Amino acid sequence: MKDDSVNHARAARDFLQDHAHASWHDSAIWWVRHKRDVQAAQLPEWEGLRELARQIKAHTLSHLDVYLQEFEAKARANGVMVHWAADAAEHNRIVHGILAAHSVKKLVKSKSMLTEECGLNPYLETRGIEVIDTDLGERIVQLRHEAPSHIVMPAIHLKKEQIGELFQRELGTAAGNNDPTYLTHAARTNLREHFLSADAGLTGVNFAIAETGAVVVCTNEGNADLGAALPPLHIASMGLEKVIPKLEHLSVFTRLLARSAIGSPTTTYTSHFERARPGGEMHIVIVDNGRSDILGRADFYESLRCIRCGACMNTCPVYRRSSGFSYSYIIPGPIGSTLGPSRDIKKHASMAFACTTCGSCNNVCPVKIPLADQLVAQRARAFDAGAMAKGKKGGVLALRTLLGHPKLFELAGGAMRKIVPILPERLNSAIPYSRPGRELPTMPAQSFKQWWQQNRKKP
Amino acid sequence: MSRDAILARIRTARPPATALPDIHALPFVQYDDRYAAFAGLIANLGGQALQLAENQTIRQAVAAHFPAHGRLVDLTQAGHEEADSPHAWHDVDVAIVPGQLAVAENAAVWVSTPGNRYRSLYFLTQKLVLVVPRAQLVDTMRDAYRHIRIEEHGFGCFISGSSRTADIEQSLVMGAHGAMAALVLFV
Ligand code: SF4
């Protein structure tokens, strides 16, 4: 679980202390964004696909009750047990209830941001169930007792030396061997044992198909499949916004997801689970936990279209330079910065300001969520809720006064043009990542108004 | 039961109705040479595509590709061995599995076998061989979804190359949990 008292600006400053690492983080993630661009450029229909995805999701959200009921009826007809959870606590209770009824001692889990949101792992662990996260990145952060720092690349904040050390301690790998292939295969061997001895598997859900009652899970590692195919019990946890009307709509979403997420034409495995394996049992838990509130907010409901590809964080200049741990909500980056404040504006107000409003997220988002616009709207909510940092609030109020009084504005502009060039931070701001706050622009000799009067006012 | 309360909340909250688009109205990419597109892609995804030669059997092609191997299970042969639990495949080295259809745009093969019995085999085997009729190679996922029916077997999976991860410093490693190597044999 994450510490939700984190303040973005302060945490980002700490992250940037290690210049070399911060710079690596920035360029490693930018590389993923670049790979996404290469994939997008190969499909002439890319922009048309994004528009289709937006329309399918928009339609589904406007008929969400209808599609959820259709999905439930179909899943039940397939012999799958369907549960509904109003909030995180109910989700955890339901999952624990199913596990307890089957006397489960060990649960293998594949990646699921929803169970992170619900705090499922600690809930089950205190009740005596061993929980093994099986996605390699999630396993790494689980062994480090951390939360994921990215929704697709959970361990992107770590260097291989840190992982080598961790595996030496936890899995007995050779000291000093930090080769990614060696470490990955050591984890493979270790996790195989867990897959073969687990009593139950829990997966997330990428898409739920109303027409057939199937859930679709996309992974590159194959961990969701082993977890669902080996143990006799498979539980799939899904947010209620995951439903789509028909099987054919996957032709749009499966084409966008991996290309946007990791710059790959598809994930290795796109698995469609409709019935339990022979001799097994399958359960689906549909979770609300605040989603129906967001659905009712005109400014924010579009965030429910999200397919959790992570492209918005990969492109975000602020995310890349501050890392996932600088965000108080479990989901970082642009999408987290609207979902977190929607959930609790007081707790997550600082996230709404972790944005330059450059709008790059809007342009890469495969379902065209107007993320940057939502963040601006969240800032307004932060102001109204009295959750803005004091200095920032003062600044906003001062600006309001200035913009409302043209004479005062001119006076202040003149003063700034004189003072800024001689500020001490301006004089030693050459080192990247060293400057506190925002860089001030080079000051012009005169204001635009003065320039206009000199150059354009002549008849 | 929270079900009815959740549905009631959605009914009051849901935004104004919008229409469902026709996904077939948009032209999707088409390939002049689907096989070349498929083979080119899978080479970067931890796999290889081969066309079965005339007079060559599937087993000969597999033996040529994976010369030394341990336990082999061949689901394309009648009378192949069965497992009484999904765990029983845990030591399989090479699995030969029929694939129903292949997709040129992403090197994926649709795998879904009767009775939903062999699911664990696709993911436990160290090396996976997928055997697909050449005539079943389509352009995009839209063409693929036109042909598949999940309800047939209750489970189906698109598999594209080998199991992989880049979770350690973005270095691509083949063989995360599933197959370490993949071969797609077109027949
Ligand atoms: S908001 Fe858009 S870009 Fe960001 S994770 Fe969701 S779908 Fe991807």
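The values are calculated or read from the model by the stated rules, or taken from the named source; none is laboratory data. The structure presented is a predicted model; accordingly, all values stated were derived computationally and were not measured. Note that each Cβ is placed from the backbone with ideal geometry, even for glycine, and that neighbours are counted across all protein chains shown. These area figures cover heavy atoms from the full protein model, side chains too; ligands, DNA and RNA do not enter into them. Shrake-Rupley method; radii C 1.70, N 1.55, O 1.52, S 1.80 Å.
Among the residues of segment A:377-387, is any open to solvent by 60 Å² or more (accessible area, probe 1.4 Å), within 15 Å of the ligand (Cβ to nearest atom) and without any contact (Cβ under 8 Å) to a residue 60 or more places away in the chain?
Looking for residues that are open to solvent by 60 Å² or more (accessible area, probe 1.4 Å), within 15 Å of the ligand (Cβ to nearest atom) and without any contact (Cβ under 8 Å) to a residue 60 or more places away in the chain, one finds none in segment A:377-387, hence no.
Specify which of the listed residues (A:I140, A:I129, A:I98) is at pLDDT 95 or above and facing chain B (nearest Cβ under 10 Å).
Numbers: A:I129 fails: facing chain B (nearest Cβ under 10 Å); A:I98 fails: facing chain B (nearest Cβ under 10 Å).
Answer to the check: A:I140.
Across segment B:101-148, what is the number of residues that are part of a loop (DSSP other than H, G, I, E, B), within 13 Å of chain A (Cβ to nearest Cβ) and modelled with pLDDT of 95 or more?
At the first step, the residues of segment B:101-148 found to be part of a loop (DSSP other than H, G, I, E, B) are B:104-107, B:112-113, B:117-118, B:125-126, B:133, B:139-140, B:148.
From the residues that got through so far, the ones that are within 13 Å of chain A (Cβ to nearest Cβ) too are B:104-107, B:112-113, B:117-118, B:125-126, B:139-140, B:148.
Narrowing the set further to residues that are modelled with pLDDT of 95 or more leaves B:104-107, B:125-126, B:139-140.
Total meeting the criteria: 8.
Looking at segment A:101-176, what helices (runs of 4 or more DSSP H) fall wholly within it and have at least 2 residues that are under 18 Å from A:I29 (Cβ atoms)? Break it down stepwise before answering.
Working: elements: A:113-118, A:120-125, A:136-143, A:160-171.
Result: A:136-143, A:160-171.
So A:G324 passes all but one of these: (1) more than 10 Å from the ligand (Cβ to nearest atom); (2) touching a helix residue (DSSP H, G or I) at 6+ places or on another chain (Cβ under 7 Å). Which condition number does it fail?
It is condition (2) that A:G324 fails.
Pairs only if they're at least six apart or on different chains, beta carbon under 9 angstrom, first in segment B:175-187 and more than 13 Å from every other protein chain (Cβ to nearest Cβ) and in a strand (DSSP E or B), second open to solvent by 10 Å² or more (accessible area, probe 1.4 Å) and among the basic types (K, R); list them, first residue then second.
If the second residue must be open to solvent by 10 Å² or more (accessible area, probe 1.4 Å) and among the basic types (K, R), the pairs left are B:L183/B:K127; B:F186/B:R134.
When residues of segment A:288-317 are filtered for being free of Cβ contacts under 8 Å to residues at least 60 places away in the same chain and either in a helix (DSSP H, G or I) or more than 11 Å from chain B (Cβ to nearest Cβ) (or both), how many remain?
Residues flagged as free of Cβ contacts under 8 Å to residues at least 60 places away in the same chain and either in a helix (DSSP H, G or I) or more than 11 Å from chain B (Cβ to nearest Cβ) (or both) within segment A:288-317 amount to 7.
List the number of the failed condition for A:N206; all other conditions in (1) open to solvent by 20 Å² or more (accessible area, probe 1.4 Å); (2) free of Cβ contacts under 8 Å to residues at least 60 places away in the same chain hold.
Status for A:N206: all satisfied but (2).
Let me confirm something: among A:G222, A:G227, which residue is crowded, with 24+ Cβ neighbours inside 10 Å, touching a strand residue (DSSP E or B) at 6+ places or on another chain (Cβ under 6 Å) and on the phi > 0 side of the Ramachandran plot?
Selected residue: A:G222, the only one of A:G222, A:G227 that is crowded, with 24+ Cβ neighbours inside 10 Å, touching a strand residue (DSSP E or B) at 6+ places or on another chain (Cβ under 6 Å) and on the phi > 0 side of the Ramachandran plot.
Residue by residue through segment A:313-328, note down the ones that are out of contact with any Asp or Glu (no Cβ under 7 Å at 6 or more places or on another chain) and open to solvent by 10 Å² or more (accessible area, probe 1.4 Å). Show your work before the answer.
As a first pass, look at segment A:313-328 and keep what is out of contact with any Asp or Glu (no Cβ under 7 Å at 6 or more places or on another chain): A:313-319, A:322-327.
Of everything in segment A:313-328, those that are out of contact with any Asp or Glu (no Cβ under 7 Å at 6 or more places or on another chain) and open to solvent by 10 Å² or more (accessible area, probe 1.4 Å) turn out to be A:C316, A:P317, A:V318, A:F325.
Tell me, which residue of segment A:356-376 that is open to solvent by 40 Å² or more (accessible area, probe 1.4 Å), of a type outside the set (S, T, Y) and in a loop (DSSP other than H, G, I, E, B) is farthest from the ligand (Cβ to nearest atom)? Please lay out each step first, then the result.
Residues of segment A:356-376 open to solvent by 40 Å² or more (accessible area, probe 1.4 Å): A:356-358, A:363, A:368, A:373, A:376.
Then keep just the ones that are of a type outside the set (S, T, Y); that gives A:358, A:363, A:368, A:373, A:376.
Okay, now just the ones that are also in a loop (DSSP other than H, G, I, E, B), so A:358, A:368.
Working: A:C358: 14, A:K368: 8 Å.
Top of the filtered list is A:C358.
What is the one condition in (1) more than 8 Å from chain A (Cβ to nearest Cβ); (2) more than 26 Å from B:L50 (Cβ to Cβ) that B:Q170 does not satisfy?
Evaluating B:Q170 over (1) more than 8 Å from chain A (Cβ to nearest Cβ); (2) more than 26 Å from B:L50 (Cβ to Cβ) leaves (1) as the failure.
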